[in-house]
Amino acid sequence: MGDMATIDASPAARLSHPVFFMHIAKTAGSYLNACLSDAVGPDRMLTHIENRLGSDQALASALSSGIEVFSGHVMLGLWDKLASSETRKFRLVTMVREPIAHIASHIHWLDHYNRPDKRPGYRALDEDHRRIVDRIGSINLKDVGQLDAFLTGLSGTEMRLLDNCQSRYFIMSGGRDIETTRPMTLMDRDAVSNAMRRFSVIACQDNLDRDIGRISLAIGIRIETRNERINVAQSERRIDIENPVIRQVLSKRTLVDQWLWRHVVKGSST
């Protein structure tokens, strides 16, 4: 992992290095965004950069305006393109989640757009994402056969979203070419491992209180925890991840993520 900094607890503390938080979907990243914003100030943090930074020039402009923390659903390959012209060293931070709980939460999040009160949000999605929501809405999430058939026959966009989603962030760019729609396998573990080494901290959602302290040390500014959860999945249906057969079905799309998770947990406990 990257080098550490000493913690500055003063209210107006400035970061010695800017920070990129690679916000992997459904890993409590919105919670960490709120904690980071409290720590550095909302005027010094830019969230959802996937919608707000389209070039290295835009990144340079944001840095010049005083932004110190950049957060977004941006895969590492895309971040490298955005930061390709930047000479300042960034500290990289991300957070991961137990893989079975993660993929279930991701499906729950997509499914919440099937609620009648969420249809305005559904209509705002692009065509690819609406079709995924439709497909999830058409299956019984408690039926192992229907869930297995869905996860076996993922489309290209579904593959980008649900097949080893967490590991995908480390080695892909989020583009829409053939490479980004392929299923990941354990042949990818060396590439994932190399990308992991670039991060100052890879936190675990399951141990936020401890790992927020690790992030504080890594970026050099005190970060306080919060009491409330943020952006919780609101699906009215639930996948029973305590069911061993359901867990087997979900495992078929999380094998690389399980490898990633074991290495993160092992590394953060030493």
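The values are calculated or read from the model by the stated rules, or taken from the named source; none is laboratory data. In this text, all values refer to a predicted model and were calculated from it rather than measured experimentally. Neighbour counts are summed over all protein chains in view; Cβ atoms, including those assigned to glycine, are modelled from backbone coordinates with ideal geometry.
Tabulated data for the structure shown
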read-out	value
Top-ranked residue in the stretch 40-78 [being surrounded by fewer than 18 Cβ atoms within 10 Å (Cβ to Cβ), of a type in the set (D, E) and under 30 Å from E224 (Cβ atoms); ranked as farthest from the chain's Cα centre (by Cα)]	D43
Residue within the stretch 79-96 that is closer than 20 Å to I202 by Cα, over 16 Å from the mean Cα position of the chain (by Cα), charged (D, E, K, R) and part of a loop (DSSP other than H, G, I, E, B) present	yes
Helices (runs of 4 or more DSSP H) contained in the stretch 121-177 and holding at least 2 residues of a type in the set (G, A, S) and surrounded by fewer than 20 Cβ atoms within 10 Å (Cβ to Cβ)	144-152
Any hit, the stretch 177-192, residues being closer than 29 Å to V40 by Cβ, modelled with pLDDT of 90 or more and over 19 Å from the mean Cα position of the chain (by Cα)	no
Where a residue in the stretch 16-38 is surrounded by fewer than 20 Cβ atoms within 10 Å (Cβ to Cβ) and its partner, wherever it lies, is assigned to a strand (DSSP E or B), with Cβ under 7 Å and at least six apart	H17/R91; S37/M45
Condition met for V93 (farther than 26 Å from T225 by Cα, of a type in the set (V, I, T) and surrounded by 12 or more Cβ atoms within 10 Å (Cβ to Cβ))	no
Within the stretch 24-64, tally of residues that are out of contact with any helix residue (DSSP H, G or I) (no Cβ under 8 Å at 6 or more places or on another chain), among the polar types (S, T, N, Q) and not in a helix (DSSP H, G or I)	0
Any chance S167 is within 16 Å of T254 (Cα to Cα), in contact with a Leu (Cβ under 7 Å, 6 or more places away or on another chain), in contact (Cβ under 8 Å) with a residue 40 or more places away in the chain and small (G, A, S)	yes
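A quick yes/no check of all residues on (1) closer than 24 Å to T181 by Cβ; (2) without any contact (Cβ under 8 Å) to a residue 40 or more places away in the chain:
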site	(1), (2)
S61	no, yes
M95	no, no
H108	yes, no
Q146	yes, yes
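Residue-by-condition table, conditions (1) of a type outside the set (A, V, I, L, M); (2) part of a helix (DSSP H, G or I):
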| residue | (1), (2) |
| --- | --- |
| F199 | yes, no |
| D211 | yes, yes |
| R214 | yes, yes |
| R226 | yes, no |
| R253 | yes, no |
| W261 | yes, yes |
| V264 | no, yes |
